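S.K.: Below is one structure. I have some questions about it.
The values are calculated or read from the model by the stated rules, or taken from the named source; none is laboratory data. Model, not experiment: these values are computed from the prediction. Note: ideal-geometry Cβ built from the backbone for every residue, glycine included; neighbour counts use all protein chains shown. We work out accessible area using only protein heavy atoms, side chains counted, and drop any ligands, DNA or RNA first. Shrake-Rupley method; radii C 1.70, N 1.55, O 1.52, S 1.80 Å.
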Amino acid sequence: MRALHQQLRAAIVEGRLKPGLRLPPTRSLAALYGVSRNTAVATYDLLLSEGYLSARRGAGTYVATALPQPVERKTPAADPATDSRLNAFWRSFSMPVAGTSRSSPAYDFRLGLPEIRYFPFAIWRRLSARALRSIAKPPVVREHPQGRTALREAIAKHVSFARAVACRAEDILVTTGAQQAFDLLARVLVTPRRTVVAVEDPGYARLRAAFAAAGAKIVPVPVDDEGLMVERLPRAAKVICVTPSHQFPLGTPMSMGRRAALLEFAQARGAAVIEDDYDGEFRFGGRPLDALQTLDRAASVFYVGTFSKSLFPAIRLGFVVSPPWARHALVTAKQITDWHCGVLTQDTLAAFIAEGHLARHVRKMRQIYGRRREMLLSCLQKDFAGWLRPIAPEAGLHMAALTDTAFDSDAFVKRAEQSKVGVSSLRPFYAGRPAKSGLVFGYGTIDESAIREGLANLRRLSRT
Ligand SMILES: Cc1ncc(COP(=O)(O)O)c(C=O)c1O
């Protein structure tokens, strides 16, 4: 009885069993812990007498709402910044954790958020129910980490058609969003403290973080109107990460000349290129330049795609099109990380693509985003002339607007927040010294009238 009593008391004192929680009846407790019913009764009685439990006649036994002792910890809380049990990287690394707030600003120009209101959830629900019915049949098997064949086939068709990416189902690894693709690539390509990884500056912090956590030497390389300045790449670069369709966050596409130069560099130096095509499906006119993967003749390029923008981020599905030499390593890395992506969402997405719903949804959203882009661009050009210089994006769901370097964009963004406008400063996207100053506007989740009103708020702020 002592052991059970101590166990339950510790769970209550440490808060694992919350005040007010209903405990199982003594018969179930006895069965659960393999003790006699008498022992279970005696344990509850003792905890009741100590004040840890309360009993309500005929209604069961509960954890007391007012506990007899203050919660005491045996050891003082560790400080994550100094605790030597963490490795050196995690002792010093920190970045904002997403999803801590459910609220959104009234005028929401935040980045990376697509429109969810037009998503065909009824279709998704039907396909998901069908997928569940087929999963529910025996035998139970362990799935292949590379991803469901039907989904890989659907993705291969989709990217060959939409982005002219040359691939077959066997070249594809299904991942938990693009972020896991970065993480797995970092695991298989980086030798800690040796591998030099070049990243765009400004660029995507979560990609930098995945490579830094794997022990890479990160070298930020500047970006100009033509994309990554290939001539500024360090000679030792073994991995080069780029966003050629729509530079993140400036929005310019990488020029054809730079694409060719980058591939030449990679081929000559035996480097790998990671092409992050996070929102390239949404193009607003003009023929897209060929993907690096399409132009690659030396099996240097990993093409990373995601469904976070074309569907929505909570779906957590993305993929890598891998050259053959890395495929086995990536698939095995996926297996040791999380075995494989959830089969229900994979099968639902496979049917969603195969039945043409993805292409239809992207077509519809492209028009909606196109109108938002127009509205944002024309308002910025008209009402902010002389202050903001928008970079008109040919693709994607956000737009950068440059200012004089003297402009304190961080302070402005804080003031904007108080006026219910969520907009980003360009400065935090730089890993090195910021070369440009400005603001970045997402237009994925804000409709045209809100764009107008939100910008009017900003305009007022800029005058005060
Ligand atoms: C530059 C860039 N790459 C990749 C991603 C995709 O992220 P995930 O697929 O992990 O949601 C994002 C998302 O916002 C992004 O901004």
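S.K.: How many residues are part of a helix (DSSP H, G or I) and open to solvent by 20 Å² or more (accessible area, probe 1.4 Å) when one looks only at the stretch 181-199? Before the answer, list the steps.
M.R.: Our first condition is that a residue be part of a helix (DSSP H, G or I); within the stretch 181-199, this holds for 181-189.
Of the ones still in play, those that are also open to solvent by 20 Å² or more (accessible area, probe 1.4 Å) are 183, 187-189.
Going through the stretch 181-199 one residue at a time, the tally reaches 4.
S.K.: Hey, another quick one. Across the stretch 212-245, what is the total count of residues that are within 16 Å of the ligand (Cβ to nearest atom), assigned to a loop (DSSP other than H, G, I, E, B) and either at pLDDT 95 or above or in contact with a Cys (Cβ under 9 Å, 6 or more places away or on another chain) (or both)?
M.R.: Residues flagged as within 16 Å of the ligand (Cβ to nearest atom), assigned to a loop (DSSP other than H, G, I, E, B) and either at pLDDT 95 or above or in contact with a Cys (Cβ under 9 Å, 6 or more places away or on another chain) (or both) within the stretch 212-245 amount to 2.
S.K.: Anything in the stretch 268-324 that is closer than 13 Å to Thr175 by Cβ, of a type in the set (Gly, Ala, Ser), touching a Phe, Trp or Tyr at 6+ places or on another chain (Cβ under 7 Å) and assigned to a loop (DSSP other than H, G, I, E, B)? List them, or say none.
M.R.: If the condition is that a residue be closer than 13 Å to Thr175 by Cβ, of a type in the set (Gly, Ala, Ser), touching a Phe, Trp or Tyr at 6+ places or on another chain (Cβ under 7 Å) and assigned to a loop (DSSP other than H, G, I, E, B), then Ser322 is the only one that fits.
S.K.: List pairs: first in the stretch 123-138 and within 21 Å of His361 (Cβ to Cβ) and outside any helix (DSSP H, G or I), second of a type in the set (Phe, Trp, Tyr) and open to solvent by less than 40 Å² (accessible area, probe 1.4 Å), Cβ under 8 Å, 6+ apart or cross-chain?
M.R.: Correct list of pairs: empty, since none qualify.
S.K.: Next question, about the same structure. For the subset of the stretch 289-321 comprising residues that are within 23 Å of Gly227 (Cα to Cα) and among the hydroxyl-bearing types (Ser, Thr, Tyr), which member is surrounded by the fewest Cβ atoms within 10 Å (Cβ to Cβ)? Lay out the reasoning, then the answer.
M.R.: Keep residues of the stretch 289-321 that are within 23 Å of Gly227 (Cα to Cα), which gives 289-306, 309, 320-321.
After this cut, where a residue has to be among the hydroxyl-bearing types (Ser, Thr, Tyr) as well, the list is 294, 300, 303, 306.
Numbers: Thr294: 18, Ser300: 23, Tyr303: 27, Thr306: 24.
By that ranking, first place goes to Thr294.
S.K.: May I pose another question? Looking at the stretch 255-267, can you tell me whether even one residue there is outside any helix (DSSP H, G or I) and either more than 16 Å from the ligand (Cβ to nearest atom) or open to solvent by less than 30 Å² (accessible area, probe 1.4 Å) (or both)?
M.R.: First, the residues of the stretch 255-267 that are outside any helix (DSSP H, G or I): 255.
Filter once more, keeping what is either more than 16 Å from the ligand (Cβ to nearest atom) or open to solvent by less than 30 Å² (accessible area, probe 1.4 Å) (or both): 255.
Checking the stretch 255-267: at least one residue is outside any helix (DSSP H, G or I) and either more than 16 Å from the ligand (Cβ to nearest atom) or open to solvent by less than 30 Å² (accessible area, probe 1.4 Å) (or both).
S.K.: Identify the single condition in (1) within 23 Å of the chain's Cα centre (by Cα); (2) closer than 23 Å to Tyr204 by Cα; (3) surrounded by fewer than 19 Cβ atoms within 10 Å (Cβ to Cβ) that Thr405 does not satisfy, given that it satisfies every other one.
M.R.: Condition not satisfied by Thr405: (1).
S.K.: Please identify the pairs in which a residue from the stretch 301-322 that is of a type in the set (S, T, N, Q) has its Cβ atom under 6 Å from the Cβ atom of a residue that is near the ligand (Cβ under 10 Å from one of its atoms), counting only partners at least 6 apart or on another chain.
M.R.: Cβ pairs passing all conditions: Thr306/Gly177; Thr306/Ala178; Thr306/Tyr278; Thr306/Gly318; Ser308/Gly177.
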